[in-house]
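This report concerns only the one structure given below.
The values are calculated or read from the model by the stated rules, or taken from the named source; none is laboratory data. All values reported here derive from a predicted model rather than from experimental measurement. Cβ sites come from the backbone with ideal geometry, for glycine too, and all protein chains shown count toward neighbours. For accessibility, only protein heavy atoms count, side chains too; no ligands or nucleic acids. Shrake-Rupley method; radii C 1.70, N 1.55, O 1.52, S 1.80 Å.
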Amino acid sequence: MLLTDPGARVLDVAQVVRRLTGLSLWRSKVLATQVPARILEGVLQEDAEAAVAALRDVGAQAEVRAQPEPEFVKA
């Protein structure tokens, strides 16, 4: 899941990032303002979509992006 723009309500976005990641509020704010930021990795599609919806509800722009499989797994 990728955060592309925190919007005008950065503190609200940081609080959602904090709830999703378990980071401190300070680290969540830093992560939310250094865009594009990958917030969650290795989660189920449904969980990623719920996280994107939560971020969009507070005014952020976020999207779900599938991670490509590493080449060594495809062999």
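Rounded to whole numbers, the Karplus 3J(HN,Hα) couplings from phi for region 50-57 are 5, 5, 4, 4, 5, 5, 5, 4 Hz, using 6.51 cos²θ - 1.76 cosθ + 1.60 with θ = phi - 60°, and x at Gly and Pro.
Can you compute the FRET efficiency between residue 37 and residue 9 using 1/(1 + (r/R0)^6), with r the Cβ-Cβ distance and R0 = 22 Å? Round to the nearest 0.05.
Numbers: r = 16 Å, r/R0 = 0.72.
The pair residue 37/residue 9 has a calculated efficiency of 0.85.
Per-residue Karplus couplings for region 26-32, computed as 6.51 cos²θ - 1.76 cosθ + 1.60 with θ equal to phi - 60°, are listed in order as 4, 5, 5, 5, 4, 5, 5 Hz, Gly and Pro entered as x. Expressed as a whole percent, the accessible area of region 1-63 that falls on carbon and sulfur atoms is 48 (1.4 Å probe). On a per residue basis, region 1-47 carries 63 Å² of accessible surface, using protein heavy atoms and a 1.4 Å probe. Considering the chain at the alpha-carbon level, its Rg and Dmax are found to be 12.9, 45 Å. With the simple model of a label 7 Å out from the Cα in the direction of the Cβ, residue 46 to residue 64 spans 1.1 nm. Under 5 Å from the amide H of residue 62 lie the amide H atoms of 4, each residue being 5 or more positions distant or on a separate chain, with H modelled from the backbone and absent for Pro and chain starts.
Quote the relative contact order of the chain in percent (integer), defining contacts as alpha-carbon pairs under 8 Å separated by 6+ residues.
Values: 104 pairs, mean separation 34.1, N = 75.
Reported relative contact order: 45 percent.
Between 0 and 90 degrees, the angle of helix 10-21 with respect to the longest Cα principal axis of the chain falls at about 40 degrees.
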